[in-house]
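*Asks:* I'd like to ask you about the structure that follows.
The values are calculated or read from the model by the stated rules, or taken from the named source; none is laboratory data. Treat the numbers as computed from the prediction; the structure is a model and nothing was measured. For the accessible areas, the whole protein counts, side chains as well, though only heavy atoms, and no ligand, DNA or RNA atoms are used. Shrake-Rupley method; radii C 1.70, N 1.55, O 1.52, S 1.80 Å.
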Amino acid sequence: GGMGPDMEPLFQAWSYFRRRKFAQCSALCSRLLERAPGEQAAWSLKTRALTEMVYVDEIEVDQEGIAEMMLDENAVAQVARPGTSLKVPGTSQGGGPSPAVRPVTQSGRPITGFVRPSTQSGRPGTMEQAIKTPRTAHTARPITSASGSYPRLGTASMLTNPDGPFINMSRLNLAKYAHKPKLAKALFEYIFHHENDIKNALDLAALATEHAQFKDWWWKVQIGKCYYRLGLYREAEKQFKSALKQQDMIDTILYLAKVYLRLDQPVTALNLFKQGLDRFPGEVALLCGIARIYEEMNNISSAAEYYKEVLKQDNTHVEAIACIGSNHFYSDQPEIALRFYRRLLQMGVYNCQLFNNLGLCCFYAQQYDMTLTSFERALSLAENEEETADVWYNLGHLAVGIGDLNLAYQCFKLTLVNNNNHAEAYNNLAVLEMRKGHTEQAKALLQTASSLAPHMYEPHFNFATLSEKMGDLQRSYTAAQKSEEAFPGHVDTQQLLKQLREHFAML
């Protein structure tokens, strides 16, 4: 919007900032600083604008990389008690759905209804498996989360001045700024978010806390954030606890819970959230945190209850609606799931995943007229090949359901064209090849599937059955054992193993 020619420039810059036009705000502040280099208001406004451009909410960003998982120095009990660890899920007391009904991720958790940083990475058991398994997230390389790889919404190159960086970190006198609390806070956020220089940010925060005589809870939270990024979780815990004593804040509770989850203490995190709910009844962020932990621990029924509580407080909470919807879908209630997904559509969520889920719900709820249109919409909205592949895979699944095996064959082939690592598609193609009597091809496809996704039981089981039919009992036995490992409750695997043991006993 145009401003009057006689408007005070600093006020105009502030107006730009409030309307989230950060680039204009920053440019105007630069002009002011050229005229009066010591102008503190313009300097602090410019730091704020540059920070806002790349600001990422620290509570949500949490991607534990492979390096962190494997080189973790925090001593955690090697064999955790059932239901107290995120690293050994599947020990659900809440009777989560079995892998026969709901597919599991590489880490043994049922697939969730909403993609979050923590659900994408999965917790592979060993370094070898972590490096071998390509589908850790949407990248082919295993995830690492060195502080430099935090998502940057705007790149630094856009923001720096032509004659060098806006603030020269190496020449900053941190002690001087620490004595000016108002400037220090803006400067801290700039160093932390824009420069990603955790060490200097920590030094500044330490000096500022000292200046505030350890009475300012905000600085304690910031020190905690720095420690968390540096991997010093116990130190971070102390800072957050101290900050909570001074000032009860929901954000601080969420940061502290993140520390406990990283230390693999989900039960402590749950207790923390529940104590928080006594002080902030009905707070959505806390309810949602509890639901997520239950979901990660495979206690699906408790998770669903908490997601329903979230909806009582905020009935437009996308994550809660999506998770309850997917839970109903896998509990064999596609009609109810359909209502939740339609609610998302009414709220204006419009993406490939939603139409894909709508298509599947319509198919299982026997509303065939809507199924294909939903999938067509999903294909047109797919943003990358991974998404396209998933939609084609589901179309193949649908084709098998209506008995059109030629269409199914083509859909699975298209899945593999878009994503060469789609283990489920290899498995289903193998079954179709078996039907045609092409045993060798089926065998090769099953081997590919089981090497790509060792956590799925189907390829192992199918390979075992196939080998047994061909008389290769030793291979069949090895594959059946792998299938049992992946899904101990699978009855057919148990029967096959029993038959094979009887064979071997007769020999």
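*Asks:* Could you report the accessible area of Asp197 in Å², rounded to 10, computed with a 1.4 Å probe on the protein chains as they sit in the structure?
*Replies:* For Asp197, solvent-accessible area is about 40 Å².
*Asks:* Kirkwood Rh, Cα Rg: Rg to Rh for the stretch 240-361?
*Replies:* 1.04
*Asks:* If the limit is 29 Å between Cα atoms, which of Lys46/Lys220; Lys176/Lys258; Lys199/Lys274; Lys436/Lys482 go over it?
*Replies:* Those over the limit are Lys176/Lys258; Lys199/Lys274.
*Asks:* Same structure, new question: So how exposed is Glu502, as accessible area in Å² (1.4 Å probe, rounded to 10)?
*Replies:* 100 Å²
*Asks:* Got a number for the accessible area of Phe363? Probe 1.4 Å, square angstrom, nearest 10.
*Replies:* Its heavy atoms expose roughly 30 Å² to the probe.
*Asks:* Measure off, as a whole percent, the carbon and sulfur share of the 1.4 Å-probe accessible area of the stretch 9-54, all protein chains present.
*Replies:* 53 percent
*Asks:* Rounded to the nearest Å, what's the spacing between the alpha carbon centres of the stretch 186-225 and the stretch 391-448? Just the number, please.
*Replies:* 55 Å
*Asks:* Pairs of Cα atoms under 8 Å, at least six residues apart: use those to get the relative contact order of the stretch 9-54, whole percent.
*Replies:* With pairs under 8 Å counted, the relative contact order is 39 percent.
*Asks:* Further question: How big is the shadow of the Cα convex hull of the stretch 421-506, averaged over all directions, in nm²?
*Replies:* 5.1 nm²
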